[in-house]
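The structure appears below as structure tokens.
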Amino acid sequence: MAAESNSKRRRIVAEEDRISSLPDCVLSHILSFLPTKTSVATSILSNRWRHIWKHVSVLDFSDDFRDESLFEKARRNNKLFEHFQNFSVFVNRVFSLRMPYPIEKMSLSCVKSLYNIESCTSSIDTWVCSVIGPHLKEFSLEIDPIQKYQFEPPITLFTCTNLVSLSLIGETGMLSSIYIDPRFAEEIRLPSLNYLKLHMNNVDIHTMNGFLVGCPILETLDTRLFGFNYKKLRVPSTLKRLKISSCSCLEMDLYSLGFDDLNTFSDVGNLQNVVKASLDVFRCSDGCYLANILVNFFDDLSGIKHLSLSISTIKLLLGDPVHLRFPEFRHLLHLELILPWFNQNSLLSLLHACPMLQVLIIQNDKKESTSPEWTAQSTVPNCILSHLTYIQFKGCEGFPDELLFAEYILQNGLVLNKMSIADISVDILKYYILRRLSNVPRASRLCQLTFD
Amino acid sequence: MAEEKSQASSSKMLTLKASDGVLFEVELNIAKEMKTVQAYIDDCEDIETIPIPNVLGKHLAIVIEYIKKTNEEYDAEFEKQWNMDDLQLLLLAANYLNISGLQECLCKAIAKRIENKSPEYVRKVFNIENDHSPEEEAKLRKEYKWAFEGVDKD
């Protein structure tokens with residue numbers, strides 16, 4: 001007995017339960033950063049924690065399995081429907097047992113076990129509708145489109161006065177699991193919306209403009225565009241960050257031209273305040289005109305500072321033998337490219353167009369090189385001489401022109417702080433590149449060469 | 001408001017005395033970020049040394065540094081340096097001193113470290129004593145069945 005109480009006393013002195021001494025509001029604030037699953041599980045910790053989760057105004061539900069092997073197992077044993085039912089019971093219980101405080105943030109993800117039957121779909125309807133209200137600040141919905149089910153958010157979601165962030169994700173290939181009625185477009189009123197993410201394949205220009213006009217203070221837009229006809233977008237001048245993924249072909253563009261073709265908006269454009277953009281434009285059929293649209297787009301992004309371009313976009317920009325003029329990226333500081341092939345001439349031409357560039361990150365995707373010829377450059381791009389401080393080269397294969405390019409940067413980069421060569425799995429290659437580049441005289445004495 | 005800050009920063013220094021006696025000299029505008037200290041100053045204007053009885057010198061130093069350096073980048077890296085014990089003590093300090101930014105940062109950090117962990121793990125990490133009866137615990141496990149499935153291994 002004595003030994004027991006001694007060890008207990010020692011335990012109390014040495015290891016206190018300090019966290020439970022914090023006020024309820026702090027504990028529930030901690031829980032507000034957790035998925036609801038973990039938050040509710042804290043009810044079991046001790047009596048002090050039993051009801052804390054009920055005071056949290058944030059809900060985050062996901063039917064995802066923690067690891068893929070569990071998902072595979074359930075799928076093989078036909079247990080997915082049961083999985084969703086258990087999930088459903090849990091969600092309903094949370095709604096009924098929590099304190100009746102209005103919900104401020106809601107995230108719902110049904111990506112693994114949804115079936116297109118009444119019991120599942122009516123659940124989603126109920127859950128979404130029960131959180132919509134004047135207190136809702138952030139809403140995120142992700143639905144896996146495998147069952148030809150299309151969830152239609154009610155119009156009330158698009159008229160939430162205090163909604164700051166809205167994210168609707170429901171696309172796979174050409175399927176879309178979320179549908180917005182085009183008649184809603186004129187009704188959209190989200191005066192507080194700052195962040196909009198629409199990953200659906202069926203948002204046409206008309207609906208897109210409905211959002212843009214209805215979100216007067218929008219700063220971040222992440223969307224799919226059906227046909228890259230950005231000229232028709234009524235972008236608010238508050239927009240700072242843009243991420244577009246667009247599949248384009250002549251047929252699609254003509255199709256979307258059919259909408260609102262007769263009206264010319266005065267408030268189109270407004271891309272000059274966008275400072276960060278990520279672009280993934282790919283064409284599914286022949287269309288050189290698209291490259292021109294792309295160049296015009298970059299011209300309109302006149303204030304861009306941070307730019308990220310996908311392979312397909314680079315293919316469009318650099319791939320045409322009939323060379324189009326490069327846009328000028330006068331304020332660009334940070335550039336990330338995924339290259340479909342390594343062509344140092346067009347890469348250097350691009351660098352000439354970015355006089356202020358400080359950070360360059362390139363990733364070589366294809367394991368081939370198109371031009372073994374290195375043509376001597378008449379002038380070194382301005383950014384290399386006076387601004388470039390960091391360059392990262394991922395997926396370097398050790399081709400002659402890749403190394404020549406790296407050497408060129410080292411020899412001319414007067415303010416270069418660091419060159420990083422990353423993702424080389426073969427050690428012999430790493431050693432070869434290291435040896436070759438270490439011997440190059442560096443223009444900048446501070447320059448470090450690292451291999452990650 | 002910015003003017004007031006710059007005026008204050010050029011003049012007054014305050015001394016904060018941690019629970020283990022360690023003294024810290026800080027500028028007035030730094031000290032004012034701690035609302036508890038602000039209230040102290042409001043009450044007794046002439047005070048020069050303010051006792052902070054609940055916070056060790058080690059943690060008070062970290063808190064002061066946070067107030068001086070806080071920005072988006074700093075906050076993102078801040079929590080990575082501390083173990084769970086320190087995080088908890090820092091949260092207690094931030095709560096006592098009433099520094100909302102630091103409190104927010106620490107709540108998020110602590111949450112991150114217990115995400116998807118089992119109740120047993122969380123009890124151990126926080127030193128929480130389980131005062132549920134076995135029947136109560138079983139009842140809760142049944143009621144919130146889904147919440148206890150698929151947690152990370154300890």
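Please treat every number below as a calculation from the coordinates, not as lab data. Keep in mind it's a predicted model, so treat the numbers as computed, not measured. Note that each Cβ is placed from the backbone with ideal geometry, even for glycine, and that neighbours are counted across all protein chains shown.
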Taking H placed 1.01 Å from N in the peptide plane, check which residues at least 5 places from residue B:56 or on another chain put their amide H under 5 Å from its amide H.
B:19
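If the chain between residue A:16 and residue A:82 were fully stretched, how many nm would it gain, using 0.36 nm times the residue separation less the Cα-Cα distance? Walk me through the numbers before you get to the answer.
On the way: separation 66, 0.36 × 66 = 23.76 nm, distance 4.17 nm.
Stretched fully, the residue A:16-residue A:82 segment lengthens by 19.6 nm.
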Point-to-point label distance, residue A:119-residue A:75, nm (Cα→Cβ direction, 7 Å offset):
2.2 nm
Residue B:112 and residue A:420 label points (each 7 Å along its Cα→Cβ direction) are spaced in nm at 1.7 nm
Search the structure for amide H atoms under 5 Å from the amide H of residue A:243, placed 1.01 Å from N in the peptide plane, and list their residues when 5 or more places away or on another chain.
A:221, A:222, A:223, A:278
Taking a crude spin-label model, label points 7 Å out from Cα along the C-beta direction, the residue A:174 to residue A:434 distance in nm is 5.0 nm
Paramagnetic label zone (point 7 Å from Cα along Cα-to-C-beta, residue A:93; backbone N under 16 Å) in segment B:111-154
B:119, B:135-151
I need the phi-derived Karplus couplings for segment A:414-423: 6.51 cos²θ - 1.76 cosθ + 1.60, θ = phi - 60°, integer Hz, Gly and Pro marked x.
5, 10, 5, 9, 8, 10, 10, 9, 10, 6
Relative to the longest principal axis of chain A, what angle (0 to 90°, nearest 10) does the C-alpha long axis of helix A:289-300 take?
80 degrees
Taking the Cα centre of chain A as origin, work out the dipole magnitude from +1 charges on Lys and Arg Cβ and -1 charges on Asp and Glu Cβ, in debye rounded to 20.
1640 debye
Of the DSSP H helices in chain B, the ones reaching 20 Å or more along their long axis in Cα terms and averaging at least -0.5 in Kyte-Doolittle hydropathy are B:100-114
Straight distance only, please: which lysines reach the Cα of residue A:105 with their own Cα at less than 16 Å, same-chain residues fewer than 8 apart left out?
A:37, A:54, A:137, A:197, B:108
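With r defined as the distance between the Cβ atoms of residue A:399 and residue A:448 and R0 fixed at 25 Å, what FRET efficiency is calculated, to the nearest 0.05? Provide the component values of the computation, followed by the final result.
Values: r = 23 Å, r/R0 = 0.93.
Efficiency for this residue pair is about 0.60.
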Net charge (Lys, Arg +1; Asp, Glu -1) of residues whose beta-carbon lies under 11 Å from that of residue A:420, residue A:420 excluded, is 0
